[in-house]
Amino acid sequence: MEKMVIHAQKRDETGKGSARSLRRNNMIPVILYRKGSSIPLKVPKKELTQFINETAGEKVMVSLELGDGGNKLALLKDYQVDPVKRELLHADFYEVLLTEKLRLSIRVVTTGESIGVKRDGGVLQHLLREVEIECLPDKIPGHITVDVSNLEIGQSIHVKDLKTEEGVKILNDPDEVVVNVIAPEVEEAAPTEKVEEVVEPEVIKKGKKEEEKEEEGK
């Protein structure tokens, strides 16, 4: 897998005040976690922002180069952004060892245009967007790609159909559906009701004089 470098320094200062001071000096407070322990660090805002933008949600291992000459291999766990200013505030990493297997979630990305969609007007459903994997840190894929080009209406791609490199084990149910193509929904026209015209019997109203004549003739 790819590996990027971020220069980091250990920090003793903590709290909101020190975090604001760091950010004013274009540094970002960072926590590096490892099996219940944690190390507070600070990293250049430019380097961390570039790393987040370039990886864009991919699982990419980073080498945190410490000022004392040491380094820590890590994966980005989480980061916080100011909701108004959209500026980076804080980040969490967790340390990894090349000899220890990890369990983590990886994105599933589709590629190609399904023949069932392009030719037959079907609808592509991407049902499983992440899978859980187990592997050594240097085997972690940024994402898993699935080609849907040959998928026709009524066909599916399952977890067991996903291709990964040797040493990467997918932990999801092998029969779980990742993507499928379904027939387009056809809106049925509402049946037209035939309204039968009801012909009412003609009522001939008789005037008062006609009624009087009838009475006299009786």
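The values are calculated or read from the model by the stated rules, or taken from the named source; none is laboratory data. Small disclaimer: the values here were computed from a predicted structure and weren't measured. Positions of Cβ are generated from backbone atoms using ideal geometry, with glycine treated the same way; all protein chains shown enter the neighbour counts.
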| Quick check: anything in the stretch 106-124 outside the structural domain of ARG34 (by TED's automatic domain parsing), under 23 Å from the mean Cα position of the chain (by Cα) and exposed (fewer than 13 other Cβ atoms within 10 Å of the Cβ)? | yes
| remark: Conditions (1) within 16 Å of VAL30 (Cα to Cα); (2) crowded, with 18+ Cβ neighbours inside 10 Å -> LEU73 fails only (2)
| field | Of the criteria (1) surrounded by 14 or more Cβ atoms within 10 Å (Cβ to Cβ); (2) modelled with pLDDT of 95 or more; (3) of a type outside the set (A, V, I, L, M, F, W, C); (4) within 18 Å of the chain's Cα centre (by Cα), which one GLU130 fails | value | (1)
| request: Could you tell me whether LYS45 is within 26 Å of the chain's Cα centre (by Cα) and basic (Lys, Arg)? | output: no
| request: Looking only at the stretch 142-167, count how many residues are closer than 21 Å to VAL60 by Cβ and buried (at least 18 other Cβ atoms within 10 Å of the Cβ). | output: 3
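Going by what's in this entry, would LEU22 be described as in a strand (DSSP E or B), touching a Pro at 6+ places or on another chain (Cβ under 9 Å) and either surrounded by 15 or more Cβ atoms within 10 Å (Cβ to Cβ) or modelled with pLDDT of 95 or more (or both)?
Values: in a strand (DSSP E or B): no; touching a Pro at 6+ places or on another chain (Cβ under 9 Å): yes; either surrounded by 15 or more Cβ atoms within 10 Å (Cβ to Cβ) or modelled with pLDDT of 95 or more (or both): yes.
When the stated conditions are applied, LEU22 does not pass them.
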| query | Of all residues in the stretch 60-96, which are in contact with a Pro (Cβ under 7 Å, 6 or more places away or on another chain) and over 17 Å from PRO40 (Cα atoms)? | reply | MET61
